[in-house]
Amino acid sequence: MGFAVTHFDPWTLRYLYREVFARQHYYFSSQSDAPVILDCGANIGMASLYFKWLYPKSQVQAFEPDPATFKLLQRNFAQNHLDVVTHNCALWDEDTELDFYVDSTDPGSLLMSTDASRSKSLPIKVPGRKLSDFIDGPIDFLKLDVEGAEHQVLGDLAKARKLKSIRQMVVEYHHRIGQQKSRLGAFLRELEEAGFEYQIHASRYPFSSQNVFQDILIAACQ
């Protein structure tokens, strides 16, 4: 796609390319040629690269909590001469310090999370910030892939009355992460109360599987 990408390992790079560029999970249509985009859970920046490919004039902010991955993200933007604003923090429902679980033997892992069940490694400390503090006008697109913190982020946006500022979003929802009880209904209800319509994509085999984690994609728009 014309980008030079520095990465930790080729398997993760191939996976991200397939999900982001080939399957285009984050494709959206904008009436503006310079849409405002929030890339939450940016990892090494593949989604932000996609947004810049889709809309070269887009105004993108990328959020990534892991310091090592954040350095690679910044390098990828710099070597491709992209004006993406970066934030080295986890997103939460308050400004605080969080335990963030990172496997030191698997840098850049897509399982890094504030949820201890995603890693057997000891946590590092990262700053937690409210996404609502970064929103001061209309947001054309929100990509939210925060490995189990989506309830906290959506709750913050609702409390701060910032959900109405978001026109479209795609959320990777982590259903029953860490064997938590099902809460998808509450998440969808919050979207509905804010006036969003949505589509859902998920798969599981066998369909009758019980007590298992499941990735669900939710595409919502006002």
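The values are calculated or read from the model by the stated rules, or taken from the named source; none is laboratory data. Computed from a prediction, not measured in an experiment: that's the story for all the values here. Please note: Cβ atoms are built from the backbone with ideal geometry, for glycine as well, and neighbour counts cover all protein chains shown.
Test of understanding: among T96, T86, T69, which residue is of a type in the set (V, I, T), under 22 Å from H174 (Cβ atoms) and under 15 Å from the mean Cα position of the chain (by Cα)? So that I can check it myself, show each step before the final result.
Details: T96 fails: under 15 Å from the mean Cα position of the chain (by Cα); T86 fails: under 22 Å from H174 (Cβ atoms).
Every option except T69 fails the conditions.
Here is a check on your reading of the model: is N80 touching a helix residue (DSSP H, G or I) at 6+ places or on another chain (Cβ under 8 Å), within 24 Å of D156 (Cα to Cα), modelled with pLDDT of 95 or more and surrounded by 16 or more Cβ atoms within 10 Å (Cβ to Cβ)? Even if it seems obvious, please write down each step before you answer.
On the way: touching a helix residue (DSSP H, G or I) at 6+ places or on another chain (Cβ under 8 Å): yes; within 24 Å of D156 (Cα to Cα): no; modelled with pLDDT of 95 or more: yes; surrounded by 16 or more Cβ atoms within 10 Å (Cβ to Cβ): yes.
Judged against the criteria, N80 is not a match.
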Would you point out the residue of the stretch 181-222, among those that are in contact (Cβ under 8 Å) with a residue 12 or more places away in the chain and assigned to a loop (DSSP other than H, G, I, E, B), that is surrounded by the most Cβ atoms within 10 Å (Cβ to Cβ)?
F196
Filter the stretch 56-69 down to residues that are in contact with a strand residue (DSSP E or B) (Cβ under 7 Å, 6 or more places away or on another chain) and not in a loop (DSSP other than H, G, I, E, B) and give me whichever is surrounded by the most Cβ atoms within 10 Å (Cβ to Cβ).
A62
In contact (Cβ under 8 Å) with a residue 12 or more places away in the chain, of a type outside the set (G, A, S), within 17 Å of A62 (Cβ to Cβ) and touching a Pro at 6+ places or on another chain (Cβ under 8 Å): does that describe D140?
yes
If the Cβ limit is 8 Å and pairs must be 6+ apart or interchain, which residue in the stretch 125-137 that is surrounded by fewer than 17 Cβ atoms within 10 Å (Cβ to Cβ) pairs with which residue that is of a type in the set (D, E) and at pLDDT 95 or above?
K125/E97; K125/D99; P127/D95; P127/E97; D133/D95
Please work out which residue is farthest from L91 (Cα to Cα), limiting yourself to the stretch 8-55 and to residues that are assigned to a loop (DSSP other than H, G, I, E, B) and of a type in the set (D, E).
D33
Would you mind stating whether M112 is at pLDDT below 95, under 26 Å from D66 (Cα atoms) and crowded, with 21+ Cβ neighbours inside 10 Å?
yes
